[in-house]
Structure formats: C-alpha cells, structure tokens
1. Between D301 and D184, with labels modelled 7 Å along Cα→Cβ, what's the label distance in nm to one decimal, could you check?
2. Students sometimes get this wrong: rank H89, H222 by accessible area, probe 1.4 Å, all chains present, largest first.
3. What accessible area per residue, rounded to a whole number of Å², is obtained for the chain using a probe radius of 1.4 Å?
4. Quick one: Karplus J couplings for segment 128-134, per residue in order, coefficients 6.51, -1.76, 1.60, θ = phi - 60°, nearest Hz, x for Gly and Pro?
5. Using 0.36 nm times the number of residues separating K220 and D281, minus their current alpha carbon distance, what extension gain do you get?
6. Return the unpartnered cysteines for the chain, using a Cβ-Cβ cut-off of under 4.7 Å.
7. Between K159 and residues 5 or more places away or on another chain, which pairs have amide H atoms under 5 Å apart, with H built 1.01 Å from N, and which residues are they?
8. With both partners inside the chain, how many of the DSSP beta bridges are antiparallel, as a percent to the nearest 5?
Amino acid sequence: MIQSRLIDPFSRTINYLRVSVTDRCDFRCVYCMSENMTFLPKKDLLALEELDRLCTTFIRLGVQKLRITGGEPLVRKNILEFFRSMTRHLETGMLNELTLTTNGSQLARFAKDLFDAGVRRVNISLDTLNDIKFAKITRWGRLNQVLEGIDTAQAQGLKIKINAVALKGVNDDELFLLTEWCADRDMTLTWIEVMPMGDIGNEQRLSQYWSLKDVRSLYKKHYTVTDLIERTGGPARYIRLEETGQKIGFITPLSHNFCESCNRVRVTCTGELYMCLGQEDMVDLRKPLRDFPNTNIPLEDAIRLAIDQKPKGHDFDYSRQRLDGQMARHMSHTGG
Ligand code: SAM
Ligand code: SF4
C-alpha cells in the first residue's frame, strides 16, 4: 500500500526515481569519464538486496517510474536478478514503469530477459553513426556492437529512444542523418546539451557546446515542425517533424530552466540520494539501510527528510562563457 506520498517544499510530487547501480562502464565517453578512472571498491556499492529494499521503499512512498542507470547498468554483475525482483511491483501495479538507460553494448545479450522482466522501453545513448567517430567519442566502444544491441532489442519488442549528446564539430553534420535513421526505425531521438559534470576537458567541452536552440532552428529550416506541449515532468521538451511523423526531444538544462516541473530524484550506486542533478546536497541512504537491516523505517525517515530539502533548481550556466554551477561529480556517479 502507498504510504503518504513524497511532496517537496515547492509542492512537486516525487514519483520518478533514477538509480545508478554501478559507477563502472565498458566505455569511456570523453564527456563522461577520463580514460583512467578509479572505480569504487565493491563494499561501497549497494548490494542487490539493498537496492531492492531501497527501490521497494521508494515505491511504497509513491514512486511509479524507476529508471536504472550507471555507469553502464548492464555491466553490473547479476543485474538481471534485480530487474526480475522489481517485476513484482509491476505486477501489483504499484510501479508503472521499469526502464533503463544504457550504452547498448550488452543489449544483444540482455534484451530478451529485460523484456521478460517487464521492461518495455529502453533509452540508448548513441551520438554518431560513424564508426570512427564512435570510437573516438566512446574511446573503448564499437559501433557495431551497439547497432546489434538495438536490432535485438527491437526484435524483442522493446521500444527504443535514442539519446544523443549534441557536440559542435563532432556530430553536428549528422543531425539529419541521425534523425532520418531514427525515423526509419520508429525511434524517438532526444538531443542532450553537454553538461559541466566531472573535472574533465572543460575547455574542450565549452568549445563543443552546441546549443539546442540552434538544433531546433536547423530542424525548423529543414522540416515542418510542430511544438508539442506534452511534459514528462523531466527536462525534455518535444517537437514533431511532420514529414517523418517522428518526435524529437531536447534536454536543455543549460539554455532552458525546467526545474519547476521536476518530479525526480537520483540515488547513486553508493546510496547517496541527490535531490537535484545540479546541486551538491545529498543524503546518505546506505547508513540507514546497513545499520537497520530488519526495518525500513529509518530509511523512510531519511528519504522524507531529504525530500523536505529538495532545492528549487540548479545553477548551470554557460552564458558568461565559463562554467558556472559546475559539478565536480561525474555523470557516471550520479547516473545520467
Ligand atoms: N552508460 C549509460 C549510457 O551511456 O546511456 C547510462 C549512464 S550515462 C552517464 C547516461 C547519459 O548521460 C548518457 O546518455 C550520456 O550521453 C549522458 N552524459 C554523460 N556525460 C554527460 C555530460 N557531461 N553532458 C551531458 N550528457 C552526459
Ligand atoms: Fe559509460 Fe554512459 Fe558514461 Fe559513456 S556516458 S562512459 S557509456 S556511463
């Protein structure tokens, strides 16, 4: 049964939880990680049973959508067990959606089992269809492996959304190519503005920053564009391209403030609850999980206390040509 819901000081109902299940990854995307990352010791990570208790508690408090992310969630050992254990919440109707964000590298192996566990939609990150560029961006990735993952996932009936980070001088020449490719495969494409996360290559990041206002203008020149008013409570805004009938999303944390409708919080793989992606405030949930293995009441209290402190919004700003509001955390730590 749902206990009293999580409502923050700005009257926003929190019903969407994103959980990072690992900080590790089989890629080293240039905007996300440095090449020589030091990863956390295993004992610091929440065990699968702890992840289950944590997510189940959030679901009891009204979370209806659960997104699993990382690092790369599908490289976490035995992660399928966790997905399978969440199936029970879909079956009771407490959870509306169980989903994940992945780089797609392991999807060929996991797509069927994920579908069987109740996953119906998957976000896959793919910035380019050029294998040389792909290898440059991801450092360790191979494009073919991801394309194979996408084929398998679609064959299993999973609905796919492609997330592409907009990078000036890198994939700006593929705007229409990626768009048409997604349209042919009935996939939504969402563009993400590169964000100042982690202490890596910020000068390069600033020079690669490609405002989605520019991307939107290019679409308007090339297609008949209809603005869609639908809101997911998240940072994405959508348009429809009438010629292809397809939806295009824009995640613009830097050029558009979306915080007023924020319905989500994030938990890192070590159990830190971040109330806002762009702020340092966090609450440790691992302690109540580990100190009280037989009751979830202290965990619940810690979650409620955290939600009472959810900030109004973030402070990212590139407009003065420096990275105001920059976060020292890597995206792979908080989960994208
Ligand atoms: N490994 C999975 C993946 O790549 O989809 C999940 C985790 S990844 C951190 C989640 C998303 O964050 C990806 O779509 C990635 O492109 C995005 N991302 C990582 N670093 C970013 C940054 N500095 N700015 C914007 N998006 C970033
Ligand atoms: Fe790995 Fe995803 Fe970060 Fe790329 S964006 S390094 S795939 S966690």
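1. 5.9 nm
2. So, going from the largest accessible area down, we get H222, H89.
3. Heavy-atom SASA per residue in the chain reads 43 Å².
4. Going residue by residue, I get 8, 9, 9, 5, 6, 5, 4 Hz, with x marking Gly and Pro.
5. Using 0.36 nm per residue and subtracting the Cα-Cα distance, I get 18.1 nm.
6. That list is C25, C55, C182, C259, C262, C269, C276.
7. Amide H neighbours of K159, under 5 Å, 5+ apart: R121, V122.
8. The answer is about 35 percent antiparallel.
The values are calculated or read from the model by the stated rules, or taken from the named source; none is laboratory data. Model, not experiment: these values are computed from the prediction. Note that we place each Cβ from the backbone using ideal geometry, even for glycine, and neighbour counts take in every protein chain shown. The area values use the complete protein model at the heavy-atom level, side chains included, leaving out ligands, DNA and RNA. Shrake-Rupley method; radii C 1.70, N 1.55, O 1.52, S 1.80 Å.
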